[in-house]
Amino acid sequence: MKKLLIIPIVLITLFFTGCWDVVEINERIFVTAVGLDLNKDPNLEGEYLLTYVYPNVGNIKDGTSQKESKFIKMTVVQTPFQGSRQLMTRLDKPLYFKHMKVIVIGEELFKDSGKMKEFFDGVGRDPRMNRKIKIVVAEGNAEDVLSTKTEEELVIGGYLNSMLQSHKAAARFTNQTFSNMMKEFDFSNASMAPRAVPKKEEFKLSGAAVLKDYKLVGWLGEVENSLIALTKGEVVSEIFTTTYKDTLVSYVITDTFPKKVVNVDKEDINVDINIYTEGYIQEYKYQTDTSTFDEEFLKTVEKRLEKNIERQLKEIIAKLQKDYKADVLGIGEHICKFEPKLWKEVKDDWENVFPNLNININAKVKVRRTGLTR
Amino acid sequence: MEKNDRVSNIQLQALIITSNIGAGILALPSSVANAMDNAGWIGIVLGGLAILPFVYIMNKLAEMYRGKIFYDYGKDIVGNTVFKIFSLIYLGYFLIVIALVVRIFGEVIKVFLLENTPLEVIMFTMLLTTSYIARSSIEGISRMALVILPILAITTLVFVLVSLPTLDFTNLLPIARVSLKDIYHGTKIVFFSYIGFEIILIALAYIEDSGKALKSSFLGIFYTTLIYLISFFVTLSQFGIHELKKQIWPSLSIMREIDLPGFFIENIDGLLMAAWVLAVFTTMGPMMYTGGVILSSLFNTKKHDFFVLAIVPIIYAIATIPESLTEIYTNMDLIVRYLSIFTLALGPMILLIVSLLKRGEKT
């Protein structure tokens, strides 16, 4: 009798199980990138223009089919998170954001701090989005960046993502994740994000957007960005040049060790940023009598590089302090962590304290190798 | 209750750890950070220490009435009628705590995993599953704790390992800046995260080596503290203090911070969720068991198992009362706190004092 009971139990477990939430993987649309812009078309109601990019999954399977490798959908909505609902009227499958990699935000939209705060709050709340989503600010429209045709990678979201991840040119733009950006805003109300510049057939990532109070206040160029990356120790490989006897000498930085020292004398807060870099000589001049194996040559080159870095950084910092008033160097964060007493005094007034800091740059350059020739 | 079932000391330890760690660990890092900022770890350590005297009292009582459970020897101490009131308070406390835990469980599962599944179904299936283990003996529950503990330990380890690459330990700084008032508030919050260890009121009666019972209980609390500390440090160094304060369930949200290489293998929140479901199960199981035991002691029955199924609908009804997550974390949590002051601290303390006085009279 007891053995007979097993049969109904087995049947029940087989037929009475179910799942409300099951959505098969081929029934989902994996959005890889989203672009946000202000809507400029007066005929359409809504403030945001959203661009969704997702791969043509069928195409990935077939390999070399001639079909479009990605789809781009655009919609105009009142709030960014309405976008995916709005698109349900035009798509057969639900959008799925768990594997979203990049958010591109248009320049005009990022100038509205209120809207950005709302949007970032929404991202923070959504349990389905990864907090390591990369944020990119587009010069012009995010739409243009995302609709660029790319050859190499199948999907633009993936393409942009691998661009951001590659460290070879990392100093020209610096990767920024949502979670890190929020952290920087929390500490000093200022942050940076890489800039994407759309061109006709392509787009490039170069420089950075300077953000303050969730608002775009200005841009930094490629070189400026690499110098700021230097103070943060984020440079993996970057060339700096100087002249020696009227010849350009290129120096490749392979390692940076920045250190911030804060001390207070009387009223002033002094911040010393000590940058120690190591690297090798990439090019000099080929001549029978020139040699890089020369104590005097190396010393002079090192000195000049140091001077160069210090001078350029000073200009940038002056710009940050006076024009942008944005502490993207992470000085506030540093003080908060290592000088908590001082931070307690200045944190409420950090907006006004930062422009008046005495920031000194001390660069130390070491040429460790000179390549294969003398 | 069979006479021959015994709880070994290592099982007791596992039982304490798994009963303690449940729904509380999700919110603990952020609630403690809200009270004490970066110095929250001090609160966690102090909270663990503050629990120890009460663990000692419970052990002392068990020692004086060896072989009997709290809900039986209580009658001998303060008399049948008075202890009935005690028992009712304890029963009410357990019902509300289980209801709170299962409601939080339902809310979390709904947010992170099963969006469309009705909350009621999530809660009811969990309650039914738990009632299965609650119907077995204390020995069965202890064995289950010992089986599940390694799973929890390994998951904690994996959770630390996968988040290591993105941890920024400078977020821990400044590590010990806190005022005395904040320490008081923080410790108070942490104290209630140790709710669950009161299973020893029953388990101690069945302990194998009663000489080492106190040591095992203390060790159980110690390991709980350790796991709380790990979760605090990892979430803090991952989120940074400002973001941590904003999170409702930092220990689970942390899975959104993890960025493993590759396009599709990230988002491993399922792993952590699975372990957490077990942790909730091992918190609710012993509590539901205790509820059954209290009822069987009230009605003087030999078995407790039929009471377990009877309380499931009551728990379910209580769990559906709060209207929103905010209400759960303000009102319901508050009721549990007030009740737990009695059940964890006052109740055992009163019994100990009365029984000591009685002994004094006799000699």
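The values are calculated or read from the model by the stated rules, or taken from the named source; none is laboratory data. Since the model is a prediction, treat every value here as computed from it, not as a measurement. Ideal geometry is used to build each Cβ from the backbone, glycine not excepted, and the neighbour counts take in all protein chains shown.
Points to keep in mind about this one:
- Screening region A:1-43 for residues that are more than 14 Å from every other protein chain (Cβ to nearest Cβ), among the hydrophobic types (A, V, I, L, M, F, W, C) and under 38 Å from the mean Cα position of the chain (by Cα) and picking the one that is farthest from A:Met100 (Cα to Cα) gives A:Leu38.
- In region A:77-89, of all residues being surrounded by fewer than 19 Cβ atoms within 10 Å (Cβ to Cβ) and of a type outside the set (D, E, K, R), the one that is nearest to A:Pro42 (Cα to Cα) corresponds to A:Gln78.
- Test for B:Ser137: is it of a type outside the set (A, V, I, L, M, F, W, C), under 17 Å from the mean Cα position of the chain (by Cα), buried (at least 17 other Cβ atoms within 10 Å of the Cβ) and under 22 Å from B:Phe306 (Cβ atoms): no
- Yes/no for B:Thr187 being touching a Gly at 6+ places or on another chain (Cβ under 9 Å), more than 14 Å from chain A (Cβ to nearest Cβ) and over 25 Å from B:Phe105 (Cβ atoms): yes
- The residue that is surrounded by the most Cβ atoms within 10 Å (Cβ to Cβ), counting only those in region A:264-312 that are of a type in the set (Val, Ile, Thr) and assigned to a helix (DSSP H, G or I), is A:Ile309.
- Residues of region A:22-51 that turn out to be closer than 26 Å to B:Lys110 by Cβ and surrounded by 11 or more Cβ atoms within 10 Å (Cβ to Cβ), as a count: 7
- Test: A:Leu109 is hydrophobic (A, V, I, L, M, F, W, C), crowded, with 17+ Cβ neighbours inside 10 Å and at pLDDT below 85: no
- Checklist (1) buried (at least 23 other Cβ atoms within 10 Å of the Cβ); (2) under 26 Å from B:Glu139 (Cα atoms) applied to B:Met36, failing item: (2)
- Tally of residues being of a type outside the set (A, V, I, L, M, F, W, C), under 25 Å from A:Ser162 (Cβ atoms) and more than 14 Å from chain B (Cβ to nearest Cβ) across region A:116-141: 3
- Only a single item in (1) within 14 Å of another protein chain (Cβ to nearest Cβ); (2) at negative phi is not met by A:Gly233, and it is number (2).
- Output for region A:319-357, where each listed residue is within 14 Å of chain B (Cβ to nearest Cβ), assigned to a loop (DSSP other than H, G, I, E, B) and under 19 Å from A:Ala193 (Cβ atoms): A:Gly330
- Near pairs, Cβ below 7 angstrom, 6+ apart or cross-chain, from region A:86-115 (away from chain B (no Cβ under 14 Å) and touching a residue at least 40 places away in the same chain (Cβ under 8 Å)) to any residue that is charged (D, E, K, R) and assigned to a helix (DSSP H, G or I): A:Lys93/A:Glu27; A:Leu109/A:Lys115
- In region A:95-126, the qualifying residues are those that are touching a helix residue (DSSP H, G or I) at 6+ places or on another chain (Cβ under 6 Å), not aliphatic (A, V, I, L, M) and not in a helix (DSSP H, G or I), and the one that is nearest to A:Val137 (Cα to Cα) is A:Gly106.
- Scanning region A:165-181 for residues that are within 12 Å of chain B (Cβ to nearest Cβ) and either part of a strand (DSSP E or B) or modelled with pLDDT of 75 or more (or both) yields a total of 6.
- From the options A:Ile228, A:Ile239, residue that is under 30 Å from A:Leu342 (Cα atoms) and either touching a strand residue (DSSP E or B) at 6+ places or on another chain (Cβ under 7 Å) or not acidic (Asp, Glu) (or both): A:Ile228
- When region B:319-363 is filtered for residues that are within 30 Å of B:Val121 (Cα to Cα), in contact (Cβ under 8 Å) with a residue 40 or more places away in the chain and assigned to a helix (DSSP H, G or I), the ones remaining, listed by number, are B:Ala319, B:Leu325, B:Ile328, B:Tyr329, B:Met332, B:Asp333, B:Ile335, B:Val336, B:Arg337, B:Leu339, B:Ser340.
- Test for B:Thr235: is it assigned to a helix (DSSP H, G or I), surrounded by 18 or more Cβ atoms within 10 Å (Cβ to Cβ) and within 14 Å of chain A (Cβ to nearest Cβ): yes
- Selection within region B:81-118: residues that are among the polar types (S, T, N, Q) and within 14 Å of another protein chain (Cβ to nearest Cβ). The member of this set that is nearest to B:Ile202 (Cα to Cα) is B:Thr117.
- Answer residue from region B:124-171, given it is of a type in the set (A, V, I, L, M) and within 14 Å of chain A (Cβ to nearest Cβ) and is nearest to B:Ile200 (Cα to Cα) among those: B:Leu128
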